[in-house]
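To start, the structure itself, in structure tokens.
Throughout, read-outs are computed from the coordinates displayed, never taken from laboratory work. Note that the coordinates shown come from a computational prediction; the quantities given were computed from them, not determined experimentally. Methodologically, a virtual Cβ is constructed for each residue, glycine included, from the backbone with ideal geometry; neighbour enumeration extends over all protein chains shown.
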Amino acid sequence: MFAKGQTVIQLVERLAPKHIAVPDDKIGLQLGTLRKEIRKVLVALDVTDEVVEEAIRVNAELIVAHHAIIYRPLSHLQTDTPAGRLYEKLIKHEIAVYIAHTNLDVAEGGVNDMMANALKLEVSGHLEDIHTDKLKKLVVFVPDTHQNQVREAMFGAGAGWIGKYSHCSFNIAGTGTFVPQEGTNPFIGKPGKLERASEIRIETIVPESVEKKVVQAMLKAHPYEEVAYDLYPMDLNGRTFGLGRVGKLKETVKLESFARQVKQAFDVPFVRVVGDLDRDIKKVAVLGGSGSRYVRHAIFAGADVLVTGDIDYHTAQDAIAAGIAIVDPGHNAEKILKNHVADWLNERLIEQKADTRAVASEVDTETFKLL
């Protein structure tokens, strides 16, 4: 059985939730429909004509890409322009395009973590915090016979995390009272008669971002017709998601040696290096994509070097003056996401017993060449 497009995207958004994206980022479904079965998903960095041809060749009905194909509202759709021809080909072949951009950058296990892991960094933080989950306290009263299934349903939906501890709850035994009225179908007791039930008060923590999902899971697992529960706002913050990563190498290396490591780790044809090639490198900041405006963040974090793409001339001069090195592997270094996301999706699809499969695009969308 093949998964519907909506199901595939629910899995993508489990890895890269939309709410953690940078505000106004162009993410989500940009072309086509998800209301159909998907046999194959093509995971790509960019959606170029060559990538679309690849999708047609491998019979993919959905492309999950990192970079948007529509950046601003369209005033027209002329099929004699490069963009128009691209959209026309996608529509004719019924290929949908879904974009996961800064939400995939920011996500735990996303692009910036992939890049940090490729450089074997011991990560200690972000370059810039983007989103912090607010926490709420969920309290629900459950008959003691069903406490385990209700707890597990809430935990499975994302409740119960305190730092790196999962399945956190507090449970108190007590007696609940109620009188089922006419027209009810009580799980315990009879209409018109006061009932006393042995119940457990379960308290747990719920991040605001998964509040609806947790409440729905709790209600579905609860045996009562009418569930007694409370949801309290708390003056506490949960997990913080951010752009970029900062970490340390296991051993200090020279900038020249480190730059060669970056080139190999990201499988790019070249890197541009700013700084004294003989300087020591220990603390590293890494950011996928264009990172010119994050040089100051890297300096503030105490990094010896910033690894990022699209550094311009004047930013490079400012970096030298500020005493920080830069290794620029280009924007295309983000292609590291293709295999990782395809593998992650396939694991989730297999768990769901779906026959849909994801494949990583083999098209190299590197724009620049060295002569």
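Computed values, structure above
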read-out	value
Within segment 188-228, tally of residues that are farther than 30 Å from Ala16 by Cβ, of a type in the set (Ser, Thr, Tyr) and in a strand (DSSP E or B)	1
Check on Thr177, surrounded by fewer than 16 Cβ atoms within 10 Å (Cβ to Cβ), of a type outside the set (Phe, Trp, Tyr) and over 30 Å from Thr252 (Cβ atoms)	yes
Which listed residue is among the aliphatic types (A, V, I, L, M) and crowded, with 19+ Cβ neighbours inside 10 Å, from Ala83, Ala60, Ala68	Ala60
Residue count for segment 75-97, restricted to those that are within 29 Å of the chain's Cα centre (by Cα), closer than 21 Å to Lys36 by Cα and of a type outside the set (Phe, Trp, Tyr)	8
